[in-house]
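What follows is a set of notes on a single structure, which appears directly below.
The values are calculated or read from the model by the stated rules, or taken from the named source; none is laboratory data. Bear in mind that the values here come from a model prediction, so they are computed numbers and not experimental data. With ideal geometry, Cβ positions are generated from the backbone for all residues, glycine too; neighbour counts draw on all protein chains shown. Calculation scope for accessible area: heavy atoms of the full protein, side chains included, ligands and nucleic acids excluded. Shrake-Rupley method; radii C 1.70, N 1.55, O 1.52, S 1.80 Å.
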Amino acid sequence: QVHLVESGGGLVQAGDSLRLSCQASGLSSFSSYGMGWFRQAPGKEREFVAAIVWSDGSTDYADSVKGRFTLSRDNAKNTAYLQMNSLKPEDTAVYYCGLQPWVPGRAAHEYVCWGQGTQVTVSS
């Protein structure tokens with residue numbers, strides 16, 4: 001059974017940085033999967049943030065985070081890292097990582113497995 005665990009959330013001030021981690025387990029290889037990060041603020045739908053193709057490391061970012069967030073992965077640790085810089089109050093949300101076969105898209109319903117989420121709160 002595939003299992004995803006996010007960590008690294010917290011309370012920071014605007015302009016600060018955080019690094020989220022998503023550790024995956026339960027598969028012998030994640031090379032045929034992609035991982036996406038989404039976020040969900042209270043009363044809003046789950047929103048695409050970034051995604052990475054596990055096999056080659058290619059990435060995709062939402063316009064709202066492009067240039068501020070960087071997504072990478074460590075194959076040896078089956079872990080993806082979302083480096084978030086220049087955080088803004090509007091980045092406040094619960095952040096989730098998800099797994100999708102092959103190339104990860106921007107639609108949450110295409111993902112087959114989710115972590116439990118980690119809270120990110122950015123104060124002004």
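Data for the structure
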| item | result |
| --- | --- |
| Residue 32 open to solvent by 10 Å² or more (accessible area, probe 1.4 Å), in contact with a Phe, Trp or Tyr (Cβ under 8 Å, 6 or more places away or on another chain), under 23 Å from residue 12 (Cα atoms) and among the polar types (S, T, N, Q) | no |
| Single match in 107, 76, 50 (criterion: out of contact with any strand residue (DSSP E or B) (no Cβ under 8 Å at 6 or more places or on another chain) and hydrophobic (A, V, I, L, M, F, W, C)) | 76 |
| Residue in the range 67-83 that is closer than 22 Å to residue 5 by Cβ and touching an Asp or Glu at 6+ places or on another chain (Cβ under 6 Å) present | no |
| Count of the range 46-62 residues which are in a loop (DSSP other than H, G, I, E, B) and touching a residue at least 40 places away in the same chain (Cβ under 8 Å) | 2 |
| Residue match in the range 95-108 (condition: at pLDDT 95 or above and more than 14 Å from residue 36 (Cβ to Cβ)) | no |
| Filtered residues of the range 79-107 (kept if under 12 Å from the mean Cα position of the chain (by Cα) and either assigned to a helix (DSSP H, G or I) or β-branched (Val, Ile, Thr) (or both)) | 79, 94 |
| Every pair of residues 6+ apart whose Cβ atoms lie under 7 Å, when the first sits in the range 86-110 and is open to solvent by 20 Å² or more (accessible area, probe 1.4 Å) while the second is of a type in the set (Asp, Glu) and not in a helix (DSSP H, G or I) | 96/6 |
| Failed condition for residue 24, given (1) modelled with pLDDT under 95; (2) surrounded by fewer than 18 Cβ atoms within 10 Å (Cβ to Cβ); (3) of a type in the set (A, V, I, L, M, F, W, C) | (2) |
| Of all residues making up the range 3-45, the number that are farther than 18 Å from residue 118 by Cα, out of contact with any helix residue (DSSP H, G or I) (no Cβ under 9 Å at 6 or more places or on another chain) and in contact (Cβ under 8 Å) with a residue 12 or more places away in the chain | 6 |
| Hits in the range 1-15 (condition: more than 15 Å from the chain's Cα centre (by Cα) and loosely packed, with under 15 Cβ neighbours inside 10 Å) | 1, 2, 11, 13, 14, 15 |
| Conditions (1) more than 15 Å from residue 37 (Cβ to Cβ); (2) open to solvent by 20 Å² or more (accessible area, probe 1.4 Å): number failed by residue 122 | (2) |
| Residue 18 buried (at least 16 other Cβ atoms within 10 Å of the Cβ) and not hydroxyl-bearing (Ser, Thr, Tyr) | yes |
| Flag for residue 54 being aromatic (Phe, Trp, Tyr) and open to solvent by less than 40 Å² (accessible area, probe 1.4 Å) | yes |
